Amino acid sequence: MNQTALLHIVERLERLVTRLPEKIRRPVLRELTPLKELFLQQRPPRFLFVGSSKMPTHQIINTLFSPGAQEEVNIALMPVHRWVDWNVSGHGTISVLDARGADHSAAAQVEEDLKRQPADIIVLFDDAESNVGKPPPGNSTNLLSHLQHSSSEELGDAKVIGVSLGSQTRAAQLREALKMQPAIGDRLLKVVQFTEMHSAESRGLLSVLAEVLPNQAKIEMIRISRDREAQHHVAQMLIKSTTAICTAIGAQPIPLADLPILTSLQVAMVSGIMYVSGRERSLRAATEFITALGANVGVGMLLREGARAILKFFPGWGNVVCGMVAGAGTYTIGRAASAFFIGGVSLKDARQKYLADRKKASHKRHSLDSSIRASKSIE
């Protein structure tokens with residue numbers, strides 16, 4: 001599923017949202033915002049490399065972003081001190097502006113590129129061999145200090161990660177030195193030490209990056225890191241927002257008119273979870289998965305939604321129950337998709353989870369239904 005298909009779904013949803021009461025419209029739009037940032041405004045995370053290391057750019061990228069993978073050397077003519085997109089082991093793309101070694105004349109080019117596309121993360125390298133006899137971080141902060149004093153546009157809200165290629169003592173010295181730097185102190189996230197290729201530190205660094213990057217850049221980083229916890233976190237965010245939207249729309253007295261958008265949202269949610277897990281987005285595959293769960297998007301869905309449509313003709317409690325049906329159905333599908341695509345359970349186990357969650361939701365709905373009926377009879 002490409003960005004155009006996603007945009008089409010969101011546009012249909014936004015048109016439907018304009019028909020909702022103001023009290024409901026705002027919460028729905030609020031839930032829609034992170035979904036748009038994560039999937040419609042998605043872009044590669046941007047990294048600015050500065051410091052004293054002379055390690056080739058491709059080697060740094062393999063070390064930091066693809067720990068444990070076989071090194072891929074792709075020698076090509078790359079622009080110097082410009083933004084360059086790098087594909088990381090086929091899992092995702094990052095943008096890198098390698099400003100290491102930029103002299104005074106090259107600094108102007110770096111500034112221009114940073115004004116056009118600000119960095120998300122600044123990676124500051126301290127190579128002990130290149131700074132023999134110099135306290136960390138050597139001359140590594142010269143460019144950062146220059147950028148900060150020239151204009152705030154270049155650095156923006158970028159955070160700093162220090163990377164020490166020396167001993168633990170050197171890494172500790174680097175951490176303390178960076179905390180004292182005016183251009184870095186408040187931006188510093190952490191300092192990591194690399195003593196060899198594919199260090200275990202890489203895995204922890206990827207987890208930090210997946211957490212702190214802006215929503216627009218999270219998805220690519222999570223696909224690259226394959227961090228299970230981060231995948232579950234984003235999947236839960238996606239499920240929560242989609243469930244809230246479906247509940248709000250399902251509670252409105254517009255019989256059958258909401259069926260296409262609810263179905264589209266559920267399919268898009270599953271497709272998004274697939275993408276977060278490292279697979280490609282596919283509406284067809286998402287639909288097939290929902291069908292395999294027993295939540296048939298065809299006849300079964302129409303029968304269930306038909307019951308919801310009948311309930312809507314009973315104002316008040318009927319709309320509340322309908323909203324719960326739409327929300328609960330979406331939530332149970334999302335939970336099953338997360339368990340299958342991210343948790344790695346079998347399709348059989350995912351289906352059992354879906355049926356169990358749906359049964360629990362049905363019990364809650366019947367309890368609310370009975371309570372509402374009882375209150376109505378008292379009135």
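What to note about this one:
- Flag for residue 194 being at pLDDT 85 or above, under 25 Å from residue 80 (Cβ atoms), of a type in the set (Phe, Trp, Tyr) and surrounded by 14 or more Cβ atoms within 10 Å (Cβ to Cβ): no
- Every residue from the range 14-54 that is crowded, with 19+ Cβ neighbours inside 10 Å, in contact with a helix residue (DSSP H, G or I) (Cβ under 9 Å, 6 or more places away or on another chain) and part of a loop (DSSP other than H, G, I, E, B): 44, 45, 53
- Members of the range 86-111 that are under 21 Å from residue 279 (Cβ atoms) and among the aliphatic types (A, V, I, L, M): 88, 94
- Residues in the range 113-157 that are closer than 18 Å to residue 81 by Cα, modelled with pLDDT of 80 or more and either of a type in the set (Gly, Ala, Ser) or not in a helix (DSSP H, G or I) (or both): 9 in all.
- Residue within the range 327-350 that is out of contact with any Asp or Glu (no Cβ under 7 Å at 6 or more places or on another chain), aliphatic (A, V, I, L, M), assigned to a helix (DSSP H, G or I) and modelled with pLDDT under 60 present: no
- Each residue in the range 18-64 was checked for being touching a Phe, Trp or Tyr at 6+ places or on another chain (Cβ under 8 Å) and closer than 19 Å to residue 117 by Cβ, and 5 pass.
- Members of the range 158-173 found to be buried (at least 19 other Cβ atoms within 10 Å of the Cβ) and among the hydrophobic types (A, V, I, L, M, F, W, C), listed by number: 160, 161, 163, 165, 171
The values are calculated or read from the model by the stated rules, or taken from the named source; none is laboratory data. Here the structure is a predicted model, which is why all the values come from computation and not from measurement. Positions of Cβ are generated from backbone atoms using ideal geometry, with glycine treated the same way; all protein chains shown enter the neighbour counts.
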